[in-house]
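One structure is given below, encoded as structure tokens.
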Amino acid sequence: MFLNAIEAQIKWGIMLFQEIIHQVGTLIRLSFHQMFDWIFGLTLINTAYKKIQSFLINILSMAPVPEHVSFIMDGNRRYAKSRNLPLKKGHEAGGITLLTLVYICKKIGVKCVSAYAFSIENFNRSKEEVDTLMNLFAIKLDEFARRANDYKDPLYGSKLKIVGDKDMLSEELREKIKKVEEITKNGDDFTFFVCFPYTSRNEIFHTMKNSVESYVKDANPITLSSFSRNMFFDKYSNRCDLLIRTSGHNRFSDYMLWQSHENATIEFHDKLWPNFGFFLMYLIILRWSFFSTIQRFNQNGGPLGKGLLRRFHVFHLRKDSFINVDSFPEPPISVSITGEAN
Amino acid sequence: MGIKEESCYLQRQSSDEECIPIAATRVPPPQGSVLKGGEVNSKSRIIKAVTESVLWDQRNTEIDNVSRSSSATSGEFWGKKMGKFESFFYRILLVMLYISYGLFRYGQYQYNRMRLRILNLIYNPANTPQLIRQDVMKLQKIPKRLAAIVEMKPVGDLGGGLKGLLNDSSELVCWTVSAGIKHLVLYDFDGVLKKNVNELRNEIHSQLSKYYGPSNVPRYAIKIPHSNKIYFNDPNTDKENENNASGGDQEKTQEKKKVSIEISLLSNRDGRETIVDLTKTMADLCASNDLAISDISMQLIDSELTQLVGQEPDLLLYFGPSLDLQGFPPWHIRLTEFYWETDNNEVTYSVFIRGLNQYAGCKMNVGK
């Protein structure tokens, strides 16, 4: 009786124990599976990658960054060749890279990005390829317009401008460009210039012609600054701070001659354009920021030095600008050794 | 054509008030300006600059007098403001990032310097033109026109001041002659070389006689496209020429004008300003109906600018630490190859010959 009762108790206990183990086991197994999925699933790596990206970008958003960044996208065809893909795929991959980099630049705080999408000289390529590029361009235009108007999208609030000799394009493409530019014209904090079909000499030539016309018609004087303002890139025409060319050629190929022949930092990189990713871009901008921090420190003096000087009313220890000798305070009275004062 | 005379007139008119040194007002690209060294860029100052940037809202400090379109406020990110604490946190991280990058860059710098030192030992012309020609003979092709950007270093530095600049330029001339290149463009921002053209002629003469011996110095012509002047050989020969010319010995002077190298001196004045001046000239001509607007074409502009500045160089050498074009005439660098050595800060033969080497290996495909 007594034993039976104990036996039942023990049996029940064992069953309970087994049940618990089973439950816990499945729970662990399930959660392990989940964790497994979670760790190795693309989402996590993706989110981690995105998190790291935005963390890094957050850091750099404290630093000075270039205002106008420009890309020469070279190497799409070589990329396609090296992977045995049709040419079209290479150009598509290049388009994706471009949009990613534009998005990164916008996040970092760059005001304006321009890209060399199609050169006037490219019309010499085979008809098939030119057509492919035109079609791809039209598709990308639509995509960009959609994303620029979608407030959830990182590209929201950017202005798209197509620059170049548009007379060389087909009628319908020109219509489309007009429409897209109209849709995105309110984006003020970020401008994206696509040079399609563009060469820099062509740009200078058009500016010269327009300046002459406006001089003849309205007698607008021609000066260096007015000339610069009349160029294709609106207020960013005067200079491009950072010019990046991929795939290892060390020349401009008729791009941004006016904008980058003076103060631009020019980076030539060996990677093919579709392989040019976030970290390379980040490194290049970090380098720019690092050296401009030092440059600005040298030009303006550090915050500490300035603050101290202001606090103790010490004036003009550094030569800030040239001033007239008459504007100095009067020196003490001059007395000669014989005692005669004047 | 009328326009040519007009622009020549314009040249002569403006040549008197030209050449105000404005290099001090130019903001060079950051990397180049820091790596060039000098007193301001000592190591301790760089560390100070980096660490003090914690306390500094850099996005709102203007660097140049040219007003930027609109400055972003620091910490504004995705439209939402960052808190004070948060932005301070990120600023500290930024400084840490800077310090680690700076250390990395310092290592890279030392490595590059070491490499350059070894290269300078390997490629050493030792004032011997035969060696240079031998080096060049290995190449498949050489550029027709070579351009080089030279700059005046601070007076206190080794090879600084006007003397150093003249020395660098004349050495470059010697190498170019020896390599067999017929055209050399020397660009310096302020036009110091233009102003000291007589000193330059003397310097080139003495340098060339070091290479080729005083008795058979190669003939050279120095062209200043901006003021439309040509000088032949060194200043002492001017008098001889005059005597010859007055003696009616035309053939001899003709022979003297056959040169083995033609050197053009350019400065910032030949860049943007020349293009704007040409526009003004054309505008005046159009206003007085001497030129129709429809006649302005790419060919016309190209030929005018070739007339005013010269032809496009094939290879551009820069002897500074990171590429800085310093306002080299923009119309003339369309397809020009650039060559410079990272972290190098001297005019050396190794850069010259390696530049030619790169040019020999590069493929030209316009648009294709």
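Key figures
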| item | result |
| --- | --- |
| Under 5 Å, built H, 5+ apart or other chain: amide partners of B:K229 | B:I224 |
| Average beta carbon contacts from partner chains per residue of A:264-274, 10 Å cutoff | 2 |
| Inter-label distance for A:N124 and A:T26, nm, one decimal - labels placed 7 Å from Cα along Cα-to-Cβ | 7.3 |
| Distance (nanometres) between label positions extended 7 Å along Cα→Cβ at A:N324 and A:S54 | 5.7 |
| Rounded tilt (10° steps) of A:2-40 against the dominant C-alpha axis of chain A | 30 |
| Residue order, fewest to most beta carbons within 10 Å, for B:V351, B:V95, A:V325 | A:V325, B:V95, B:V351 |
| Karplus-derived HN-Hα couplings along the stretch B:154-162 (A = 6.51, B = -1.76, C = 1.60, θ = phi - 60°), whole Hz, x at Gly and Pro | x, 4, x, 6, 5, x, x, x, 4 |
| Added length on full extension, which subtracts the Cα-Cα distance from 0.36 nm per residue, B:Q358 to B:S294 | 18.9 nm |
| Per-q log10 I(q)/I(0), the stretch A:225-298, q = 0.11, 0.12, 0.18 Å⁻¹ (Debye; single scatterer per alpha-carbon; no solvent) | -0.35, -0.41, -0.86 |
| Degrees, to the nearest 10: A:127-149 long Cα axis against longest axis of chain A | 80 |
| Residue-averaged beta-carbon neighbours from other chains (10 angstrom radius) around A:57-70 | 6 |
| Coarse-grained scattering of the stretch A:164-241 at q = 0.16 Å⁻¹, given as base-10 log I(q)/I(0) from a Debye sum over alpha-carbon atoms | -0.75 |
| 5 angstrom amide H check on A:T265, placed H, neighbours 5+ away | A:L242, A:L243 |
| Residue-averaged beta-carbon neighbours from other chains (10 angstrom radius) around B:289-299 | 2 |
| Packing-based exposure ordering (other Cβ within 10 Å, fewest first) of B:L165, A:L280, A:L141 | A:L280, A:L141, B:L165 |
| FRET efficiency, B:L121 to B:Y212 (Cβ-Cβ, R0 22 Å, nearest 0.05) | 0.35 |
| Cβ-placed point charges (K, R +1; D, E -1), dipole of the stretch A:66-298 about Cα centre in debye, nearest 20 | 520 |
| Cα gyration tensor shape for the stretch A:66-298, rounded if a/c is under 1.5, else prolate or oblate | rounded |
| Which of B:T237, A:T246, A:T47 has the fewest Cβ neighbours within 10 Å, and the rest in rising order | A:T47, B:T237, A:T246 |
| Column: log10 I(q)/I(0), Debye, Cα scatterers of the stretch B:272-368, q = 0.21, 0.24, 0.25 Å⁻¹ | -1.08, -1.24, -1.29 |
| Cα gyration tensor category, rounded, prolate or oblate, for the stretch B:321-366 with a/c compared to 1.5 | oblate |
| Estimated FRET transfer efficiency when R0 is 45 angstrom, pair B:I99-A:R83 (beta carbons, to 0.05) | 0.70 |
| Förster radius 22 Å - calculated FRET efficiency between B:N236 and B:S260 (Cβ-Cβ, nearest 0.05) | 0.75 |
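Bear in mind these aren't lab numbers, they're just calculated from the coordinates by the rules spelled out. Only a predicted model underlies this, so the values are computations on that prediction, with no experimental measurement involved. Please note: Cβ atoms are built from the backbone with ideal geometry, for glycine as well, and neighbour counts cover all protein chains shown.
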